[in-house]
Amino acid sequence: VTDSNFLTNFLQYVKQLAQRYDGKIYAIQVYNEPWVTTVTANGDAWGSIANPYTGNLSVDLPVFYQTLANLLVQASAAIRSVSSSIKVFGPDWSTPFYTTDTASLAQDGGIAALDMFTFHGNSYQPPDGPPTNAAGYAGYIDLIKPSIGSTPWMVPEFHAFGCSALGVSNAPCA
């Protein structure tokens, strides 16, 4: 696989995966923890001569959002072309703090392609604390909801870093 044929090969792979496991799996997560330095609008890896990463986020982020939206839309279509039962999950942000990124992805059509909006919950403090970079991921859900609309959301990965999701008092959450 080269940069120039990544998207075509990826879509073929996702379609074959969905066809093979139709009726056997519940969902396919299209991407895990995407970020701006990963891919570009034409499917090339950042740094490719065809579409280099500039390092200027005002230039790179809009391309990233459109690229990810395109990947989600096309992967969803490939999955749905062979399976009516397999759900499409994503983008699986590494944290819930990507509120503006979620809004941009929604604007580019990426959220509409999903059956479930996913992100990872990370917390050094109780999850229902005030929204900060170390705590309160639950508060970010309210900030994400306008962008995801009625799309259900899920936290498929949670890292409590010494805190307990069950309410057990452990440092640093004690």
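The values are calculated or read from the model by the stated rules, or taken from the named source; none is laboratory data. Remember, predicted model here, so these are calculated numbers, not experimental data. Neighbour counts run over all protein chains shown; Cβ positions are idealised from the backbone, glycine included.
Summary table
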read-out	value
Complete set of residues in segment 76-89 that are touching a Phe, Trp or Tyr at 6+ places or on another chain (Cβ under 9 Å) and surrounded by fewer than 19 Cβ atoms within 10 Å (Cβ to Cβ)	Ser85, Lys87
Residue check, Phe97 surrounded by 15 or more Cβ atoms within 10 Å (Cβ to Cβ) and at pLDDT below 95	yes
Total residues in segment 81-106, condition free of Cβ contacts under 8 Å to residues at least 24 places away in the same chain and more than 14 Å from the chain's Cα centre (by Cα)	1
Any pair with Cβ under 9 angstrom, 6 or more apart, that starts in segment 14-29 at a residue that is loosely packed, with under 12 Cβ neighbours inside 10 Å and ends at one that is not hydrophobic (A, V, I, L, M, F, W, C)	Gly23/Ser83; Gly23/Ser85; Tyr26/Ser85; Tyr26/Lys87
Selection status of Ser169, modelled with pLDDT of 90 or more and either surrounded by fewer than 14 Cβ atoms within 10 Å (Cβ to Cβ) or charged (D, E, K, R) (or both)	no
Residue satisfying all of: in segment 109-146; touching a helix residue (DSSP H, G or I) at 6+ places or on another chain (Cβ under 6 Å) and either more than 25 Å from Ile86 (Cβ to Cβ) or modelled with pLDDT under 95 (or both); surrounded by the fewest Cβ atoms within 10 Å (Cβ to Cβ) among these	Asp128
Test for Asp92: is it within 24 Å of Glu157 (Cα to Cα), at pLDDT below 95, buried (at least 18 other Cβ atoms within 10 Å of the Cβ) and in contact with a Pro (Cβ under 8 Å, 6 or more places away or on another chain)	yes
